[in-house]
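Only one structure is covered here, and it is reproduced in the block below.
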Amino acid sequence: MDAFKAMETRHTTRSYHDKTVPQAAIQKILGAAVKAPSSMNQQPWHFIVVNAKDAKAKIRRLYDQARKELNYYEQDTSFMENGALVVVCCNSAGDDQRFSCLMAAQNMLIAATALGLGSGPSITLLQSKEGAKKLRRLLGIPKKIAPLLLVTLGYTDKKPAHYKKKKGLKKVLHENRW
Ligand SMILES: Cc1cc2nc3c(=O)[nH]c(=O)nc-3n(C[C@H](O)[C@H](O)[C@H](O)COP(=O)(O)O)c2cc1C
């Protein structure tokens with residue numbers, strides 16, 4: 001699949017089969033992540049791949065709690081434990097390095113799409129102070145490392161319920177000045 005097709009067809013997947021994502025696919029996706037650009041080429045990213053069923057079930061519970069705490073809409077959250085889960089972390093508190101890590105995360109989504117896998121970024125758990133604290137404890141994340149984003153990956157045959165219409169380029173394009 002070429003890059004344009006992957007960007008066009010990528011969408012956030014929230015329903016996965018309970019089927020293990022092969023290590024080879026995860027390696028390929030993370031291989032794409034570490035090719036991302038980074039401010040001053042610091043490559044500040046770290047990735048925690050969570051495959052263990054019990055850990056994923058615990059993370060799903062933390063996610064559920066965070067959604068309740070934040071009054072978000074009710075969601076079928078099985079996608080948090082049915083596929084693989086990668087926590088994208090940053091070894092720096094600087095915005096520039098955090099942006100770099102998010103570029104790596106975007107590479108992961110595109111690579112997953114190109115491999116025919118569903119994927120989705122997820123931040124809700126980390127928006128909850130308590131959730132973030134518990135995730136740190138669960139995964140042994142050192143104090144100086146910031147977990148930034150969860151990326152779920154998995155097999156799906158579900159098409160997005162409502163293909164999200166994206167804003168047309170015309171609405172957001174400014175030429176020469178705003
Ligand atoms: C930074 C970021 C955080 C997100 N966090 C969540 C989340 O916690 N839960 C969720 O269901 N979707 C989450 N999403 C997915 C968005 O809802 C989704 O990208 C958006 O609705 C557009 O749909 P699309 O990805 O299919 O184009 C997140 C997306 C981004 C970029």
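At-a-glance table
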{"read-out": "Some residue of the range 88-100 being within 14 Å of the ligand (Cβ to nearest atom), closer than 20 Å to Lys158 by Cβ and either surrounded by 20 or more Cβ atoms within 10 Å (Cβ to Cβ) or small (Gly, Ala, Ser) (or both)", "value": "no"}
{"read-out": "Selected residue (only one of Ile48, Ile59 is under 14 Å from Thr152 (Cβ atoms) and either away from the ligand (no atom under 16 Å from the Cβ) or touching a Gly at 6+ places or on another chain (Cβ under 6 Å) (or both))", "value": "Ile48"}
{"read-out": "Whichever residue in the range 82-102 is of a type in the set (A, V, I, L, M, F, W, C) and part of a helix (DSSP H, G or I) and, among such residues, is nearest to the chain's Cα centre (by Cα)", "value": "Leu102"}
{"read-out": "Residue in the range 35-54 that is surrounded by the fewest Cβ atoms within 10 Å (Cβ to Cβ), counting only those that are without any contact (Cβ under 8 Å) to a residue 40 or more places away in the chain and in contact with a strand residue (DSSP E or B) (Cβ under 9 Å, 6 or more places away or on another chain)", "value": "Asn51"}
{"read-out": "Residue under evaluation Ala93, criteria (1) in contact with a strand residue (DSSP E or B) (Cβ under 9 Å, 6 or more places away or on another chain); (2) at pLDDT 95 or above, criterion not met", "value": "(2)"}
{"read-out": "Out of Lys158, Lys143, Lys133, Lys166, sole residue that is in a loop (DSSP other than H, G, I, E, B) and surrounded by 10 or more Cβ atoms within 10 Å (Cβ to Cβ)", "value": "Lys158"}
{"read-out": "Options Arg14, Arg67; residue that is part of a loop (DSSP other than H, G, I, E, B), touching a residue at least 40 places away in the same chain (Cβ under 8 Å), among the charged types (D, E, K, R) and within 16 Å of the ligand (Cβ to nearest atom)", "value": "Arg14"}
{"read-out": "Checking Ala57 against (1) in a loop (DSSP other than H, G, I, E, B); (2) at pLDDT 95 or above, the condition it does not meet", "value": "(1)"}
{"read-out": "The range 1-59, residues that are closer than 27 Å to Ala132 by Cα and among the polar types (S, T, N, Q)", "value": "Thr12, Thr13, Ser15, Thr20, Gln23, Gln27, Ser38, Ser39, Gln42, Gln43, Asn51"}
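The values are calculated or read from the model by the stated rules, or taken from the named source; none is laboratory data. Owing to the predicted nature of the structure, the values given are computational and were not obtained by experimental measurement. Cβ atoms come from the backbone with ideal geometry, glycine included; neighbour counts cover every protein chain shown.
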